[in-house]
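Note sheet for the following structure.
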Amino acid sequence: MIRVAMRRRARNERMSDDADEEGMPRDQDRVRVLVVDDEPAICKALTIALQRAGYDALSAQSGDSALALLANEHVDVLLIDLRIPDTRGDVVFELAAATHPHLRHQTLFMTGDISERASRLVASCKCSLIKKPFELREMLTGIAALVPEPQRDARDQSA
């Protein structure tokens, strides 16, 4: 289960375009994953887990910051919480997919909301869903399944 105790960070996005969250140079060949969750500790934990698994991970802690980031950055996979206070995850997904069509098939939703309405929202997007709390390996398996075949092959060879 994701259980972390981390200090909250004020910033919503990664440090720079050419460095990852830990300040390491960004590898242009790595699969890039955008994590969107309004809880800073969850963003940080998922970003670290993805980086350790070999992904180039960045994060946003609001729907608006995710959309601003997507206006200037390419991402291969979107990992997004359904319940985000400023803009619901399904709305961010639709806006992101309008400008980045590949995200329509390369998005993984996560939510702690087990309501019928939440299930309908995610089903209408035709995306995979993992329910919080979840094991990190479940999230990593879900992300790996969304990576396009050529990138998956290159990633497997470099690992």
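The values are calculated or read from the model by the stated rules, or taken from the named source; none is laboratory data. Small disclaimer: the values here were computed from a predicted structure and weren't measured. Glycine also receives a Cβ, built like all others from the backbone with ideal geometry; neighbour counts cover every protein chain displayed.
Assorted remarks:
- Unique match (being out of contact with any helix residue (DSSP H, G or I) (no Cβ under 7 Å at 6 or more places or on another chain), within 15 Å of V33 (Cβ to Cβ) and surrounded by fewer than 14 Cβ atoms within 10 Å (Cβ to Cβ)) among R137, R52, R117: R52
- Residue match in segment 57-65 (condition: part of a helix (DSSP H, G or I) and under 18 Å from L129 (Cβ atoms)): yes
- Pick from segment 91-114, criterion of a type in the set (D, E, K, R) and over 22 Å from A45 (Cα atoms), ranking: surrounded by the most Cβ atoms within 10 Å (Cβ to Cβ): R104
- With respect to being of a type outside the set (D, E, K, R) and farther than 21 Å from D29 by Cα, T107 falls outside the description.
- Elements of the type helices (runs of 4 or more DSSP H) sitting completely within segment 73-159 and holding at least 1 residues that are at pLDDT 95 or above: these cover 89-99, 136-146.
- Residue pairs whose Cβ atoms lie under 9 Å apart, sitting 6 or more positions apart in sequence or on different chains, and linking a residue in segment 101-127 that is β-branched (V, I, T) to a partner that is in a loop (DSSP other than H, G, I, E, B), are T107/C127; T111/L82; T111/R83; T111/K132; V122/L82.
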